[in-house]
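Participant: Sharing a structure, written as structure tokens. Questions coming.
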Amino acid sequence: MSGRSRVAVVLTALAAVGAVLVPSAHATAKAPKAPDTAVLDGTRLQRTRAGLDHGDPRLRRAVKDLTTRADSWLGQGPWTVVDKPKPAPGGDVHDYLSQAPYWWPTTTPTADNPWGCPYVQRDGQRNPEVDSGTDRQDVEKVFDSAYDLSLAWYYTGRREYAEKAGQVLRTWFLDPATRMNPNLNHAQFIPCKYDGRAIGIIDFSQSYTSVADALAILGTGAPGWSAGDRAGMRSWNTDFLGWLKNSAFGKEEGAAANNHGTFYDMQLAALAYATGDKALAKKTVLDARARRIDPQIAADGSQPQELSRTRSWHYSTFDLVAYTRLAAIGRHVGVDLWSYRGPDGQSLSRAVDYLLPAATRAAAWPYPELEFHRYAASDVVHAAADAGDQAAQRAVRRLEAPPGGDLWALRPAAEQLDSIAG
């Protein structure tokens, strides 16, 4: 779920513990099967659903938070890649377009220089113009809404959630008039400099696995989600996976030595799993041990590449979102990434433990951070706790809940909880 940008949700007061949050007709309906999700544990979702049907008050409170989010999407969208003011370079309105978030104009735009070029980089400082005129904001809404709505349908059985999720997905990916081409050739372009960049792949890699899981959830029998829809999305994902593996941008992003490389691997493994190439999914997770963990995580658990950023806390938690999701994919293909120890003792648990003092407010974060949000670490700490990290297990009760509530019990896969792009 991103960064995963969210529409601000103002939560109503929590209902009484005994309040009925699931329609009574649903309580007697046959529970859907376990979805074959790439990141989420489908069997765990099914068990959680059973606990909800048996009246678990903690789960009912979490479902209230989830349905508040889902309800907010019912009156929005659908969104499409073809309605941006200007097409991507090359002129095809079906091509996705986004703008580099940390690049800024240096002069006042004029008729001869409408962008105010040249552009210069200000790391961690988001240029507000990137949020208008491109597809970035809309695609985040597609990712977030599809995930929230699919999960809400799975836990409540309310068909309007499934139908809305289907509408959102068909409009963005499948309808010939509005569909997106399965490439990111023009992601994070820089005006007057680059028509697109390899690092723009992170626009999708940081959140698109939520769509892959939403598709698996809808595939358990969601109303309005047809065999044709399933086949269409499988075809789109297969084409997109091919672009990720074979394009120059995909190869460049895969070679990145920081969070971009981690997220690339995570997206590649998830899409491989979702499209049936479990051998590629397994190889990607296995290779991440020496290729990612060894060089990117230090012996003390710090992530030097991420600590060098002006948003060091954000990027340290952000990179671990990718790692913990990659570990979750590994579980589906027989790889225990949590148990791996590098030559200097590097491990995912050690990296999460490095964040615990700041995550629990036991100590201040000692590195540069333009906008510290303690809750940004909450999901990765949950993931480590579930994997058996005892320090993380002790820390869970002292975590700060993210805006909109802690949904870990319903969707136990780490998300980017603080909103920042790049």
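Participant: Here are some residues: A70, A8. Which one is among the hydrophobic types (A, V, I, L, M, F, W, C) and modelled with pLDDT of 90 or more?
Facilitator: It is A70.
Participant: Among the residues of the stretch 331-346, what is the count of those that are surrounded by fewer than 21 Cβ atoms within 10 Å (Cβ to Cβ) and either acidic (D, E) or in contact with a Gly (Cβ under 8 Å, 6 or more places away or on another chain) (or both)?
Facilitator: 2
Participant: If R291 passes every condition in (1) in contact with a helix residue (DSSP H, G or I) (Cβ under 7 Å, 6 or more places away or on another chain); (2) open to solvent by 10 Å² or more (accessible area, probe 1.4 Å); (3) among the charged types (D, E, K, R) but one, which one does it miss?
Facilitator: (1)
Participant: If you scan the stretch 60-95, which residues turn out to be of a type in the set (S, T, N, Q) and surrounded by fewer than 17 Cβ atoms within 10 Å (Cβ to Cβ)?
Facilitator: Selection gives Q76 alone.
Participant: If we keep just the residues of the stretch 375-422 that are of a type in the set (D, E, K, R) and open to solvent by less than 30 Å² (accessible area, probe 1.4 Å), which is farthest from A100 (Cα to Cα)?
Facilitator: D389
Participant: Mind listing whichever residues of the stretch 106-133 are open to solvent by less than 40 Å² (accessible area, probe 1.4 Å) and either in a strand (DSSP E or B) or closer than 20 Å to D418 by Cα (or both)?
Facilitator: The answer is Y119, G124, N127, V130.
Participant: To continue, here is another question. Could you tell me whether the stretch 257-276 includes any residue that is more than 22 Å from D319 (Cβ to Cβ), more than 18 Å from the chain's Cα centre (by Cα) and of a type outside the set (A, V, I, L, M, F, W, C)?
Facilitator: yes
Participant: Conditions: (1) open to solvent by less than 10 Å² (accessible area, probe 1.4 Å); (2) over 15 Å from the mean Cα position of the chain (by Cα); (3) charged (D, E, K, R). D300 meets all but one. Number of the miss?
Facilitator: (1)
Participant: Would you mind stating whether A322 is surrounded by fewer than 22 Cβ atoms within 10 Å (Cβ to Cβ) and at pLDDT 95 or above?
Facilitator: no
Participant: If I filter the stretch 265-288 for residues that are part of a helix (DSSP H, G or I), in contact with an Asp or Glu (Cβ under 7 Å, 6 or more places away or on another chain) and either surrounded by 21 or more Cβ atoms within 10 Å (Cβ to Cβ) or hydrophobic (A, V, I, L, M, F, W, C) (or both), do I get at least one hit?
Facilitator: yes
Participant: Just wondering, is there one or more residues in the stretch 58-74 that are part of a loop (DSSP other than H, G, I, E, B) and either β-branched (V, I, T) or within 27 Å of L151 (Cα to Cα) (or both)?
Facilitator: Checking the stretch 58-74: not a single residue is part of a loop (DSSP other than H, G, I, E, B) and either β-branched (V, I, T) or within 27 Å of L151 (Cα to Cα) (or both).
Participant: Take A358 and tell me if it is out of contact with any strand residue (DSSP E or B) (no Cβ under 8 Å at 6 or more places or on another chain), surrounded by fewer than 23 Cβ atoms within 10 Å (Cβ to Cβ) and part of a helix (DSSP H, G or I).
Facilitator: So A358 fits the description; yes.
Participant: Hey, another quick one. Is there a residue in the stretch 214-222 that is open to solvent by 10 Å² or more (accessible area, probe 1.4 Å) and assigned to a helix (DSSP H, G or I)?
Facilitator: Yes, there is a match, as at least one residue in the stretch 214-222 is open to solvent by 10 Å² or more (accessible area, probe 1.4 Å) and assigned to a helix (DSSP H, G or I).
Participant: Something else: Any idea which residue in the stretch 42-59 is surrounded by the fewest Cβ atoms within 10 Å (Cβ to Cβ), counting only those that are more than 24 Å from the chain's Cα centre (by Cα) and of a type in the set (A, V, I, L, M, F, W, C)?
Facilitator: Within the stretch 42-59, the match that is surrounded by the fewest Cβ atoms within 10 Å (Cβ to Cβ) is A50.
Participant: State all residues of the stretch 298-328 that are farther than 30 Å from T37 by Cβ and in a helix (DSSP H, G or I); if no residue qualifies, say none.
Facilitator: P304, L307, S312, listed by residue number.
Participant: Out of everything in the stretch 185-213 that is open to solvent by 30 Å² or more (accessible area, probe 1.4 Å) and of a type outside the set (S, T, Y), what residue ends up being farthest from I329 (Cα to Cα)?
Facilitator: C192
Conditions tested, residue by residue: (1) modelled with pLDDT under 95; (2) small (G, A, S); (3) within 23 Å of R411 (Cα to Cα).
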| residue | (1), (2), (3) |
| --- | --- |
| Q125 | yes, no, no |
| T156 | no, no, yes |
| Y161 | no, no, yes |
| P176 | no, no, no |
| N183 | no, no, no |
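Participant: Could I ask something else about it? Do we have V93 as in contact with a helix residue (DSSP H, G or I) (Cβ under 7 Å, 6 or more places away or on another chain) and in a loop (DSSP other than H, G, I, E, B) here?
Facilitator: The answer is yes for V93.
Participant: Can you name every residue in the stretch 134-172 that is surrounded by fewer than 23 Cβ atoms within 10 Å (Cβ to Cβ), touching a helix residue (DSSP H, G or I) at 6+ places or on another chain (Cβ under 8 Å) and of a type in the set (V, I, T)?
Facilitator: Hit for the stretch 134-172 is T156, nothing else.
The values are calculated or read from the model by the stated rules, or taken from the named source; none is laboratory data. None of the values given here were measured: they were computed from a predicted structure. Every residue, glycine among them, receives a Cβ derived from its backbone with ideal geometry; neighbour counts consider all protein chains shown. Calculation scope for accessible area: heavy atoms of the full protein, side chains included, ligands and nucleic acids excluded. Shrake-Rupley method; radii C 1.70, N 1.55, O 1.52, S 1.80 Å.
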